[in-house]
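The values are calculated or read from the model by the stated rules, or taken from the named source; none is laboratory data. Everything numeric here is computed off the predicted structure, so don't read it as measured data. Backbone-built Cβ (ideal geometry, glycine too); neighbour counts: all protein chains shown.
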Amino acid sequence: MIRANTVLHMMQIELAMEVKTRRKYLLATLSDFVIFTIAYAAVLFFADVSEINSSYHTHDGVLLVLIGFMFWNAGVMAMDLSMQTIETDSRAGILETEMQSKFPLWFLTLIRSWVSNLITFGYLLLVGIATAIIVGRSVLTIIEIVFLVMLVSCIANLGMFGLGLVLGAGSLVFKNIGQWATVLQGVILIFANVAIPYTSWIQAVLPFGLGIEIVRDLYLDQKITLVTVLAYLVVNVIFFGVGLLIFNAALRYERKYGSFERF
Amino acid sequence: MKIVGQEIDKYYGHRQVLYRADFEILLNQPGIIGLIGPNGAGKSTLMRLLSGITTPNSGKLFLEDSATSKVDDYSSWSRDNAYYVPTGERGLRNKLSIKDNLRYFAALRQVSPTRALESLQRIAKDFQIEDLLDRDIDQMSTGQKKKAEIMVAVALDARLLLLDEPSNGFDIDAQVKLMHLIRTVGNTETKKIIISSHDPHLLANVANQYILIAEGHILKTLDQSLSEAELQEVYEQLFNRGN
């Protein structure tokens with residue numbers, strides 16, 4: 001069993017290393033943020049804010065889109081990370097060293113995903129403040145929203161991480177799974193209740209679908225049902241659990257039939 | 001205490017790379033084992049198995065207490081005690097310095113970072129490359145990267161150190177220092193080093209036991225030191241018979 005102080009220590013180490021690495025890959029880090037900002041602008045441009053306003057009986061449609069975008073952004077970062085870690089670390093030969101660690105590989109990847117999410121929320125705060133200035137809302141409101149999204153999205157990010165583990169399992173066995181993660185991100189963005197209202201139970205099956213609704217309801221002072229909260233938890237536990245099972249099975253297979261070095 | 005491999009087969013996909021390998025590695029006596037054989041012989045495969053990164057497809061790999069004959073699971077032992085340094089410029093995070101890499105991998109192995117860093121300083125002094133400790137790995141030459149990998153591995157203080165082609169990319173001076181480092185670590189009471197190499201000069205200067213392997217078969221194990229000439233002769237006899 002991994003103790004809480006071990007988790008904190010690993011997060012501290014990973015955060016220090018990640019910040020150092022990102023500083024050295026400054027251009028790549030900035031380009032990631034530029035791409036996400038363009039995606040956010042596109043989401044706002046194509047979002048039917050008036051439909052959202054009428055559906056949620058509010059005039060804060062833009063902020064509700066921002067909530068959806070934050071969930072999507074943090075979620076795809078968590079999903080991407082589990083796959084990318086496997087691919088990049090295998091190429092660099094670090095995966096072998098990480099496999100000789102006292103911690104399971106999925107745990108190390110999860111720590112990295114949490115650290116990456118912490119950094120992402122710094123970026124999301126900036127995007128939020130820019131949105132507040134543009135739509136004329138108080139910065140305090142935005143900080144409140146970012147805080148709520150951070151809190152509630154922890155659960156969704158576990159589910160998205162599980163989805164990423166399935167892709168990571170594909171990377172382990174097939175070595176390179178191409179752009180499937182990007183395709184999946186795009187499909188999720190189109191069908192999820194990010195820029196559109198929550199209209200179908202299918203959106204609830206996505207890891208962050210109900211999370212978005214919970215934060216939107218909290219922001220709008222609406223009642224949240226216990227069923228919504230439980231369904232949100234169950235969906236994400238299933239995604240995480242299934243991802244973990246598939247990833248560990250792929251890892252066992254690769255340890256038995258592979259060498260981890262053929263990248 | 002010894003590591004025992006019995007009739008180990010290993011496949012990569014459908015391709016068999018190790019055939020019914022039998023070996024014993026005594027852990028409670030210091031020493032350096034030279035793993036020698038031509039390209040594609042199965043040296044790296046055997047090292048990966050010993051590091052616990054991969055598992056055998058069939059056969060047994062376990063730990064046996066020589067006094068009591070008590071048998072232990074190898075996989076959990078290797079996670080705590082073995083450390084594999086891959087061949088080539090692999091194994092460290094490129095955008096981090098040697099010190100930061102050590103901090104990271106020490107955390108992964110739950111080794112005291114203070115002790116590991118002290119050990120790193122000592123090794124760097126021996127190698128005369130203290131000025132490299134804060135340099136990023138991607139700013140180093142091939143030989144410097146290899147030195148960095150070995151220094152991190154030694155500083156992590158594993159009981160079983162597996163070095164895959166450690167002298168590749170080294171100049172003569174660095175090879176001499178590498179030999180000295182390997183001998184110093186390998187002669188420590190609690191340490192065992194296994195080195196795979198094509199370099200008879202390196203092996204003859206450090207190893208006191210040998211495992212000779214070709215085409216996935218362990219051909220011979222020798223429990224003695226050999227001079228470079230003797231090693232060349234054994235190699236010619238075993239591997240170049242058809243030439």
Practice problem: Report whether or not A:Arg91 is under 30 Å from B:Leu50 (Cα atoms), modelled with pLDDT under 90 and either surrounded by fewer than 21 Cβ atoms within 10 Å (Cβ to Cβ) or touching a strand residue (DSSP E or B) at 6+ places or on another chain (Cβ under 6 Å) (or both). | Solution: yes
Quiz prompt | Matching residues, region A:190-214, being of a type in the set (A, V, I, L, M) and in contact with a Gly (Cβ under 9 Å, 6 or more places away or on another chain) | solution = A:Ala192, A:Val194, A:Ala195, A:Ile196, A:Ile202, A:Leu206, A:Ile212
Quiz item: From A:Ala28, A:Ala74, A:Ala42, A:Ala78, which residue is surrounded by fewer than 24 Cβ atoms within 10 Å (Cβ to Cβ) and either closer than 30 Å to A:Val173 by Cα or at pLDDT below 85 (or both)?
Solution: A:Ala28
Exercise. Report, by residue number, each residue of region B:62-86 that is surrounded by 22 or more Cβ atoms within 10 Å (Cβ to Cβ) and either among the hydrophobic types (A, V, I, L, M, F, W, C) or touching an Asp or Glu at 6+ places or on another chain (Cβ under 7 Å) (or both).
Key: B:Ala82, B:Tyr84, B:Val85, B:Pro86
Practice problem: Scan region B:26-35 and give yes if some residue there is touching a strand residue (DSSP E or B) at 6+ places or on another chain (Cβ under 8 Å) and within 11 Å of another protein chain (Cβ to nearest Cβ), otherwise no. | Solution: no
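Regarding B:Lys10, is this residue surrounded by 15 or more Cβ atoms within 10 Å (Cβ to Cβ), over 16 Å from the mean Cα position of the chain (by Cα) and either outside any helix (DSSP H, G or I) or at the interface with chain A (Cβ under 10 Å from one of its Cβ atoms) (or both)? Before the answer, list the steps.
Values: surrounded by 15 or more Cβ atoms within 10 Å (Cβ to Cβ): yes; over 16 Å from the mean Cα position of the chain (by Cα): yes; either outside any helix (DSSP H, G or I) or at the interface with chain A (Cβ under 10 Å from one of its Cβ atoms) (or both): yes.
Yes: the conditions hold for B:Lys10.
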Exercise. Determine if region A:90-105 includes at least one residue that is touching a residue at least 12 places away in the same chain (Cβ under 8 Å), under 19 Å from B:Asn101 (Cα atoms) and either among the basic types (Lys, Arg) or away from chain B (no Cβ under 14 Å) (or both).
Key: yes
Quiz prompt | Failed item, numbered, when A:Val115 is tested on (1) within 14 Å of chain B (Cβ to nearest Cβ); (2) part of a loop (DSSP other than H, G, I, E, B); (3) of a type outside the set (Gly, Ala, Ser); (4) under 22 Å from A:Val34 (Cβ atoms) | solution = (2)
Self-check item: Tally of residues being among the hydrophobic types (A, V, I, L, M, F, W, C) and within 11 Å of chain B (Cβ to nearest Cβ) across region A:3-18
Solution: 5
Quiz item: What are the residues in region B:53-68 that are closer than 17 Å to B:Arg15 by Cβ and β-branched (Val, Ile, Thr), if any?
Solution: B:Thr54, B:Thr55
Quiz prompt | Criterion violated by A:Leu15 - all others in (1) closer than 20 Å to A:Val187 by Cα; (2) buried (at least 16 other Cβ atoms within 10 Å of the Cβ) satisfied | solution = (1)
Practice problem: Please work out which one of (1) hydrophobic (A, V, I, L, M, F, W, C); (2) in a helix (DSSP H, G or I); (3) surrounded by fewer than 20 Cβ atoms within 10 Å (Cβ to Cβ) is the condition A:Ile2 fails and give its number. | Solution: (2)
Exercise. May I ask you to verify whether B:Asn39 is away from every other protein chain (no Cβ under 12 Å) and polar (S, T, N, Q)?
Key: yes
Quiz prompt | Index of the failed condition, A:Leu172 passing every other in (1) at pLDDT 90 or above; (2) buried (at least 21 other Cβ atoms within 10 Å of the Cβ) | solution = (1)
Practice problem: Using the structure shown, decide if A:Ile67 is modelled with pLDDT of 90 or more and in contact with a Lys or Arg (Cβ under 7 Å, 6 or more places away or on another chain). | Solution: yes
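Among the listed residues A:Tyr253, A:Tyr257, identify the single one that is out of contact with any strand residue (DSSP E or B) (no Cβ under 8 Å at 6 or more places or on another chain), aromatic (Phe, Trp, Tyr), within 14 Å of chain B (Cβ to nearest Cβ) and more than 13 Å from A:Ile155 (Cβ to Cβ).
Details: A:Tyr257 fails: out of contact with any strand residue (DSSP E or B) (no Cβ under 8 Å at 6 or more places or on another chain).
Checking each option against the conditions leaves just A:Tyr253.
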